[in-house]
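The structure follows.
The values are calculated or read from the model by the stated rules, or taken from the named source; none is laboratory data. These numbers come from a predicted model, not from an experiment. Using ideal geometry, Cβ is built from the backbone for each residue, glycine included, and neighbour counts are taken over all protein chains shown. We work out accessible area using only protein heavy atoms, side chains counted, and drop any ligands, DNA or RNA first. Shrake-Rupley method; radii C 1.70, N 1.55, O 1.52, S 1.80 Å.
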Amino acid sequence: MGAGSKILVSACLMGQAVRYDGKAKPLRHAALDRWQAEGRLVTICPEMSAGMPVPRPPAEIADGRSGADVLAGEARVIEATGRDITDGFRQAAENALALALATGCTHALLIDGSPSCGSRSIYDGGFTGRKQAGEGVAAALLRRNGIRVFADHEIDALVEEIDGGRD
């Protein structure tokens, strides 16, 4: 992929207070600083792009399902309040994909665990703090469309793939 590759990044990882709880989850890494200086990072919070407020009630994909199931119309995204917000999460995924395609992103670095951005694990839908293997709605749609998706804890693998291991 190499030198000019653009990377879609979860806004919370870049220090923006956009998570459901009104907080950020900043990721510190020399490669992120370098890529930002090179103008290669494209930042989005899929949920905010779909008009969801900050803070907002926690949401999980119901019944132990995953983002691909939501995209297929076979699963729902539910807030802890019980409100169905599936349509908002579908829109959030579409917005993330549209931005990635419009800006030439070949890769994405997303916060794991999120019902949008989780790429390795998501919460199981029971609002008990239990995680399961799976991906969120935006991560699933990005992957389906050829974007290479990495979780925040996989940044070293992303550096290896994009820069050949250079920090």
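Which log10 I(q)/I(0) values does the range 70-167 give at q = 0.10, 0.17, 0.20, 0.24 Å⁻¹ under the Debye formula, counting every alpha carbon as one identical point scatterer?
Here log10 of I(q) over I(0) equals -0.28, -0.76, -0.98, -1.26.
Subtracting the Cα-Cα distance from 0.36 nm times the residue separation, let me have the gained length for Ala98 to Arg143 in nm, one decimal.
14.9 nm
List the trypsin sites (Lys or Arg not before Pro) within the range 57-110 that DSSP assigns to loop and that have no more than 14 neighbouring Cβ atoms inside 10 Å.
Answer in residue order: Arg83.
Roughly what % antiparallel, to the nearest 5, for the DSSP beta bridges in the range 17-153?
60 percent
Could you name the aspartates and glutamates whose alpha carbon sits less than 14 Å from that of Lys131, not counting residues in the same chain fewer than 8 places away?
Straight-line reach from Lys131, under 14 Å: Glu60, Asp63, Asp112.
Across the range 74-116, how large is the tail of the calculated P(r) beyond 16 Å, expressed as a percent of all Cα pairs?
Result: 48 percent of Cα pairs exceed 16 Å.
In the calculated pair distance distribution of the chain, what percentage of Cα-Cα distances lie above 19 Å?
It works out to 50 percent of all Cα pairs.
Related question: If you restrict to DSSP beta bridges whose two residues both lie in the range 98-167, what percentage is antiparallel, to the nearest 5?
Given both bridge residues lie in the range 98-167, the antiparallel proportion sits at roughly 40 percent.
For the range 1-84, what are the per-bin percents of Cα-Cα distances with bins 5 Å wide, up to the bin holding the maximum?
The percentages, shortest bin first, are 3, 13, 17, 18, 17, 14, 10, 6, 1, 0.
Only Lys, Arg, Asp and Glu count, each charged at its Cβ (+1, +1, -1, -1), so figure out the dipole size of the range 80-167 about its Cα centre, rounded to 20 debye.
It works out to roughly 320 debye.
Using the heavy atoms of the protein chains and a 1.4 angstrom probe, tell me the accessible area per residue for the chain in square angstrom.
45 Å²
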